[in-house]
1. Do any residues in segment 8-24 that are over 15 Å from residue 80 (Cβ atoms) have Cβ atoms under 8 Å from those of residues that are hydroxyl-bearing (Ser, Thr, Tyr), where the two are at least six apart or on different chains, and which pairs are they?
2. Tally up the residues in segment 246-262 that are under 18 Å from residue 298 (Cβ atoms) and either of a type in the set (Phe, Trp, Tyr) or modelled with pLDDT under 95 (or both), please.
3. Please count how many residues of segment 265-287 are in contact with a Lys or Arg (Cβ under 7 Å, 6 or more places away or on another chain) and under 16 Å from residue 177 (Cβ atoms).
4. Picking from 287, 230, 281, which residue would you name as being buried (at least 21 other Cβ atoms within 10 Å of the Cβ) and either assigned to a strand (DSSP E or B) or outside the structural domain of residue 110 (by TED's automatic domain parsing) (or both)?
5. For residue 123, state whether it is modelled with pLDDT of 95 or more, within 18 Å of residue 242 (Cα to Cα) and either of a type in the set (A, V, I, L, M, F, W, C) or not in a loop (DSSP other than H, G, I, E, B) (or both).
6. Which residues, counting only those in segment 55-76, are in contact (Cβ under 8 Å) with a residue 40 or more places away in the chain, part of a loop (DSSP other than H, G, I, E, B) and farther than 21 Å from residue 20 by Cβ?
7. Under the condition of being aliphatic (A, V, I, L, M) and touching a Pro at 6+ places or on another chain (Cβ under 9 Å), which residue from segment 267-308 is nearest to residue 190 (Cα to Cα)?
8. Only one of these conditions is not met by residue 10: (1) part of a loop (DSSP other than H, G, I, E, B); (2) hydrophobic (A, V, I, L, M, F, W, C); (3) surrounded by fewer than 18 Cβ atoms within 10 Å (Cβ to Cβ). Which number is it?
Amino acid sequence: MTPSLLYSGLALDRAHRLRLDADLTAMLNAGDARFVPFWRGRQLVDGTPPAACRLPRDRLPAGFDVAAAPGLLLGVAADAAPVLALDISAVDAGDDGPEMGGGRWVSLRSVGGTLAGDDAALLAYARGMLVWRGRTRHCATCGDGLAVADAGHSLRCLRPSCGALHFPRTDPAIIMLVTDGDGRALLGRQPAWPPGMYSCLAGFVEPGESLEEAVAREVWEEAGIRVLSASYAASQPWPFPSSLMIGFTALAEGGEPNPDRHEIEDVRWFTRAEAAGFGEAATPGPAGLFLPSRDSIARHLIERWLGR
């Protein structure tokens, strides 16, 4: 099996059968419950290197009503204790976030590459689920309110005549390391990226197309290059906010790339020697160029092509 990329490889038992009939309120109030808190887009870590915090109930803010906050069962730990994600964004606090008896509030991407694999996967899982809960307030079919079901993993419309079920949103996105017959790689940059950063081309899968078709379409739209073939490489959860990155390698027919100037401001062919000279964001290479962050599948695809 392909080695897990960062934000995947969760060790926690997701306890699918348990959550089907689970009493979420009872689990939230269980004495052995452990909480993975979320506050206004940030999550709690502690130590150096950082580790994800799994808090007992007595570490939550005094008087906080866990049953009234967005929460859900993430799974069951090895000792059978329930592990729950809990959104405490309603707690008022300063820029440093609520005091939790230790730890610090961070954005996941700022520490993702320094976390142990299981901790990164746990925080990504919790973040993705709670962002979905925060953005899903009404039934998309009839507009009525929603009730929590499946221990927080689905939402059911409250209108009896509707009763539609809503599940966590995951947007499939393809990302590809495109090469040509001369062994060069096609890398581009978006206008919003820091100056000097180049990465793989990527885009969302549209309705009615296969993943391979999406690869070919995006490369043509963004760079004006025709793809001859595409092969699956790996995938990565990307809860920023709700994507699944599906990685491919692709062979193109070559030619001079032409950026679309909307999503891509520049796109070029690079030899291995040129790409190997790219630096990091904090220490760019001699030409001022650098690769995407090490927590991304884009970096994985490029490093694999470079043989590193």
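1. 8/235; 10/125
2. Residues flagged as under 18 Å from residue 298 (Cβ atoms) and either of a type in the set (Phe, Trp, Tyr) or modelled with pLDDT under 95 (or both) within segment 246-262 amount to 1.
3. Looking only at segment 265-287, we keep the residues that are in contact with a Lys or Arg (Cβ under 7 Å, 6 or more places away or on another chain), and these are 265-266, 269-271.
Still in the list and also under 16 Å from residue 177 (Cβ atoms): 269-271.
Residues meeting the conditions: 3.
4. Details: 287 fails: buried (at least 21 other Cβ atoms within 10 Å of the Cβ); 281 fails: buried (at least 21 other Cβ atoms within 10 Å of the Cβ).
Just one listed residue meets the conditions, 230.
5. Numbers: modelled with pLDDT of 95 or more: yes; within 18 Å of residue 242 (Cα to Cα): yes; either of a type in the set (A, V, I, L, M, F, W, C) or not in a loop (DSSP other than H, G, I, E, B) (or both): yes.
For residue 123, the condition - modelled with pLDDT of 95 or more, within 18 Å of residue 242 (Cα to Cα) and either of a type in the set (A, V, I, L, M, F, W, C) or not in a loop (DSSP other than H, G, I, E, B) (or both) - is met.
6. From segment 55-76, those in contact (Cβ under 8 Å) with a residue 40 or more places away in the chain are 55, 59-60, 67, 70-76; that's our starting set.
Narrowing the set further to residues that are part of a loop (DSSP other than H, G, I, E, B) leaves 60, 70.
Selection gives 60 alone.
7. Start the filter on segment 267-308 by keeping residues that are aliphatic (A, V, I, L, M), which leaves 267, 273, 275-276, 281-282, 287, 289, 291, 297-298, 301-302, 306.
Filter once more, so that each one left must be touching a Pro at 6+ places or on another chain (Cβ under 9 Å): 267, 281, 298, 302.
Details: 267: 9, 281: 15, 298: 14, 302: 17 Å.
By that ranking, first place goes to 267.
8. The one condition residue 10 does not meet is (3).
The values are calculated or read from the model by the stated rules, or taken from the named source; none is laboratory data. The shown structure was predicted, so the numbers you read here are calculated from the model rather than taken from an experiment. Every residue, glycine as well, gets a Cβ built from its backbone with ideal geometry; the counts of neighbours run over all protein chains shown.
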